[in-house]
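Take a look at the structure set out below.
The values are calculated or read from the model by the stated rules, or taken from the named source; none is laboratory data. In this text the structure is predicted, and so the values were computed from the model without any measurement. Here the Cβ is made from the backbone with ideal geometry for all residues, glycine too, and neighbour counts use every protein chain on show.
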Amino acid sequence: MLKVARQMTPSVKLPPPSVLGRLSTADRELLTSAARDPIGYIIHPSFRRCGVEERFFDGKLDLIAVAPIRFVTPPPIARDRATNGPTTFTTEQEQKAFLRFNYARSRVFRILWARRGQKLSFTQVRELIAWQRLALHCRAEIVQANMALVLAMAKRSRLTGVDPAELISEGNMALLRAVDKFDCSRGFKFSTYGCRAILKSFSRVAMRTSRYRGRFPTEFDPAMQKSDYLETRRVNTEIDCVDELRTIIAGNAVHFTEVEETVIRARFALDTPEDQKPEPMTLEEVGRVIGVTKERVRQIQKKALAKLRVALEESVLAA
């Protein structure tokens, strides 16, 4: 059986920083992606014939070496005269589009294969970026001409209980994968292969949704993900501390003086009823109540809290 596809994971080394510094940000990102991601293409006998580039791309490909590095964009295969946008392909146009796409990928493959384990020269870097950008352009042209397949299959599937946005997203991803794997030399239309791939992706979405609903019977609600556990724990801890403080002061376990007890009760609003919001008094307000300055109130509070801390440590050690 003849091999119809070639694939590999690149092992080339990127050029030194002095070379990378001569590239634009977009070109560096494209180069890094090409040198890292697996690459493959569908083999076609015409790729080795003379003049193949001129025949596929309607003329000689001129390299534009300034950023962004690219070939002069070849004329589109099919355009809607009314909107000047992409339109569906005829059988001949579709075959030409896929030959363009796979030939561009084969040139990327050749460069990476020839330099595996070695560093790319600046000339090879420019060629690699140009062919990679051309391959992406050809792929986008094919995808745009076949985007309607996803919507058509979504209407045909009539799946209930599935998020339409998720369905369309999964269908678009299936369309991209189908473009990468389609072999136009077998004589079939891409729609035959692409629709099957899209329907399979819809089935995966339905199965995933079914498993999710088996575990979570309710609809997804983002508000349900917001937990108030930490806030509730903090409030409960504060309430417990206040109750413990009230108990200690009520039994005078730390031997507060009358002034110290007054300051602590006022500063921490310990006499506030439970059904009301606590409103602690400021140092100045407490000073006016007991007839001293706010600095003196701060000193009394510091001394009282030190007594309280010792009592709490002793109770912990005793426990």
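Miscellaneous remarks
- Among (1) of a type in the set (Gly, Ala, Ser); (2) surrounded by 14 or more Cβ atoms within 10 Å (Cβ to Cβ); (3) in a loop (DSSP other than H, G, I, E, B), the one test that residue 40 misses: (3)
- Pairs are defined by a Cβ separation below 7 Å, a sequence spacing of at least 6 or placement on different chains, a first member in segment 150-172 that is in the same structural domain as residue 202 (by TED's automatic domain parsing) and within 12 Å of residue 209 (Cβ to Cβ), and a second member that is of a type in the set (S, T, N, Q) and surrounded by 13 or more Cβ atoms within 10 Å (Cβ to Cβ); the pairs so defined are 161/209; 162/209; 170/201.
- Scoring residue 140 on the criteria (1) more than 27 Å from the chain's Cα centre (by Cα); (2) part of a helix (DSSP H, G or I) leaves a single failure, condition (1).
- Among the residues making up segment 36-53, those that are out of contact with any helix residue (DSSP H, G or I) (no Cβ under 6 Å at 6 or more places or on another chain) and under 19 Å from residue 141 (Cα atoms) are 40, 53.
Yes/no per residue for (1) under 16 Å from residue 104 (Cβ atoms); (2) not hydrophobic (A, V, I, L, M, F, W, C):
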site: 5; (1), (2): yes, no
site: 11; (1), (2): no, yes
site: 17; (1), (2): no, yes
site: 20; (1), (2): no, no
site: 35; (1), (2): no, no
site: 42; (1), (2): yes, no
site: 45; (1), (2): no, yes
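- A single entry from 110, 208 fulfils the requirement of being in the same structural domain as residue 67 (by TED's automatic domain parsing), surrounded by fewer than 20 Cβ atoms within 10 Å (Cβ to Cβ) and part of a helix (DSSP H, G or I): 110.
- So residue 95, is it over 21 Å from residue 184 (Cα atoms) and not in a loop (DSSP other than H, G, I, E, B): no
- Meets criteria (outside any helix (DSSP H, G or I), of a type in the set (Ser, Thr, Tyr), in contact (Cβ under 8 Å) with a residue 24 or more places away in the chain and more than 26 Å from residue 192 (Cβ to Cβ)) for residue 88: no
- Within segment 276-303, no residue that is in contact (Cβ under 8 Å) with a residue 60 or more places away in the chain sits with its Cβ atom under 7 Å from a residue that is outside any loop (DSSP other than H, G, I, E, B) at 6+ positions apart or across chains.
- Candidate set from segment 112-166 (those that are more than 19 Å from residue 60 (Cβ to Cβ) and of a type in the set (Val, Ile, Thr)); member that is modelled with the lowest pLDDT: 160
- Reported count of residues in segment 162-194, each being farther than 22 Å from residue 100 by Cα and not in a loop (DSSP other than H, G, I, E, B), is 8.
- Any hit, segment 115-125, residues being of a type in the set (D, E, K, R) and part of a helix (DSSP H, G or I): no
- Residue match in segment 138-145 (condition: among the basic types (Lys, Arg) and in the same structural domain as residue 90 (by TED's automatic domain parsing)): yes
- Odd one out for residue 61, checked against (1) assigned to a loop (DSSP other than H, G, I, E, B); (2) touching a Phe, Trp or Tyr at 6+ places or on another chain (Cβ under 9 Å); (3) closer than 21 Å to residue 190 by Cβ: (3)
Residue-by-condition table, conditions (1) among the small types (Gly, Ala, Ser); (2) surrounded by fewer than 12 Cβ atoms within 10 Å (Cβ to Cβ); (3) in the same structural domain as residue 289 (by TED's automatic domain parsing); (4) not in a helix (DSSP H, G or I):
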{"residue": "235", "(1), (2), (3), (4)": "no, yes, yes, no"}
{"residue": "242", "(1), (2), (3), (4)": "no, no, yes, no"}
{"residue": "255", "(1), (2), (3), (4)": "no, yes, yes, yes"}
{"residue": "261", "(1), (2), (3), (4)": "no, no, yes, no"}
{"residue": "270", "(1), (2), (3), (4)": "no, no, yes, yes"}
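- Hey, residue 130 in contact (Cβ under 8 Å) with a residue 12 or more places away in the chain, in contact with a strand residue (DSSP E or B) (Cβ under 7 Å, 6 or more places away or on another chain) and in the same structural domain as residue 66 (by TED's automatic domain parsing) or not: yes
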